[in-house]
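Structure first, then comments.
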Amino acid sequence: MPELPDIEVYLDALRPRVQGQPLEAVRLGSPFLLRTVEPPVGAFLGRRVSGLRRLGKRIVLGFEGELFAVLHLMIAGRLHWKARGAKIPGKVGLAAFDFPAGTLTLTETGTKKRASLHLVAGEAALAAYDPGGLEVLTADLEVFRAALAAESHTLKRALTDPHLFSGIGNAYSDEILHRARLSPLVLTDRLDDEAVARLHRATVEVLQEWTA
């Protein structure tokens with residue numbers, strides 16, 4: 001599943017392509033992708049992309065009028081930038097979003113379609129999709145320590161809990177723990193100050209390095 005560094009790279013690639021661009025059309029290739037009915041897809045057509053952001057492991061495209069498209073790629077979902085009007089790929093294609101500069105397609109391999117698209121109106125409605133985990137890259141050591149100590153879990157479970165830490169999953173948590181020289185089975189309330197500082201430093205370093 002794409003995690004914080006992967007989502008940030010997607011956002012960096014998308015901004016110069018869709019920022020300020022009006023959404024011309026949304027073509028759905030799978031009836032299971034769209035999980036909401038209000039606001040309707042039609043409400044987004046003709047509106048310009050006002051901003052892009054990450055919400056945990058989700059990609060958020062903001063549109064004029066405080067409308068938001070929330071994409072969760074799950075394990076096998078992938079985004080592709082194609083020539084304007086590109087067809088939705090056969091069996092793996094889920095959707096296409098047409099802009100004047102090109103078409104953004106969403107694909108998902110595998111038989112189980114888990115990727116999702118939620119359309120919401122207003123910041124309050126968007127906040128419901130935020131698990132509330134700490135943004136480690138902007139948090140100092142003491143805030144990190146407090147989040148880690150909020151519940152007694154194994155380190156592996158704590159790092160991958162979206163309610164405790166934002167955007168970290170199995171892949172990067174393994175590398176973080178390896179960098180910090182800590183067992184994934186150690187309980188969070190068993191760490192001394194030096195180990196917490198080492199874990200915080202490793203978390204920031206790994207996420208920054210992979211984003212770069």
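The values are calculated or read from the model by the stated rules, or taken from the named source; none is laboratory data. All values reported here derive from a predicted model rather than from experimental measurement. Neighbour counts run over all protein chains shown; Cβ positions are idealised from the backbone, glycine included. In case anyone asks, the SASA skips ligands and DNA or RNA and just uses the protein heavy atoms, side chains included. Shrake-Rupley method; radii C 1.70, N 1.55, O 1.52, S 1.80 Å.
Given 180, 65, 202, which one lies farthest toward the positive end of the charge dipole of the chain, if we put +1 on the Cβ of every Lys and Arg and -1 on the Cβ of every Asp and Glu?
So the residue we want is 65.
When a/c reaches 1.5 or more, the comparison of a/b and b/c decides; with that in mind, is the chain rounded, prolate or oblate per its Cα gyration tensor?
Numbers: a/c = 2.29, a/b = 2.05, b/c = 1.12.
Prolate, because a/c is 1.5 or more and a/b exceeds b/c.
Can you tell me which of 70, 143, 60 moves the most in a GNM of the chain? Springs connect C-alpha atoms under 10 Å apart.
Maximum fluctuation in the GNM of the chain, among the listed residues, is at 143.
For segment 57-126, rounded, prolate or oblate, judged on the Cα gyration tensor with a ≥ b ≥ c (square roots of eigenvalues), a/c < 1.5 rounded, else prolate if a/b > b/c? It would help to have the intermediate numbers written out before the result.
Values: a/c = 2.79, a/b = 1.27, b/c = 2.19.
In terms of gyration-tensor shape, oblate.
Given +1 on the Cβ of Lys and Arg, -1 on the Cβ of Asp and Glu, and no further charges, what dipole in debye does the chain carry about its Cα centre, rounded to the nearest 20? Show your work: numbers first, answer last.
Values: 26 positive and 25 negative charges, 232 e Å.
Around 1120 debye, computed over the chain.
Report, to the nearest whole %, how much of the accessible area of segment 12-129 belongs to carbon and sulfur atoms, 1.4 Å probe, protein only.
On the way: 3140 of 5650 Å².
The C+S portion of the solvent-accessible surface of segment 12-129 is 56 percent.
Compute the angle between helix 193-211 and the longest alpha-carbon principal axis of the chain, please, reported from 0 to 90 degrees and rounded to the nearest 10.
30 degrees
Might you tell me the accessible area per residue for segment 138-212, computed with a 1.4 Å probe and given in Å²? Show your work: numbers first, answer last.
Numbers: 3960 Å² over 75 residues.
That works out to 53 Å² per residue.
Could you calculate the FRET efficiency of residue 37 with residue 112 from 1/(1 + (r/R0)^6), where r is the beta carbon distance between them and R0 is 22 Å, rounded to 0.05? List each step's numbers first, then the result.
Numbers: r = 23 Å, r/R0 = 1.03.
FRET efficiency, residue 37 to residue 112: 0.45.
Rounding to the nearest 10 and keeping the result within 0 to 90°, find how far the Cα-based axis of helix 170-180 lies from the longest principal axis of the chain.
30 degrees
From the mean inverse distance of alpha carbon pairs (Kirkwood) and the Cα radius of gyration, derive Rg over Rh for segment 41-98.
Values: Rg = 12.5 Å, Rh = 12.9 Å.
We get a ratio of 0.97 for segment 41-98.
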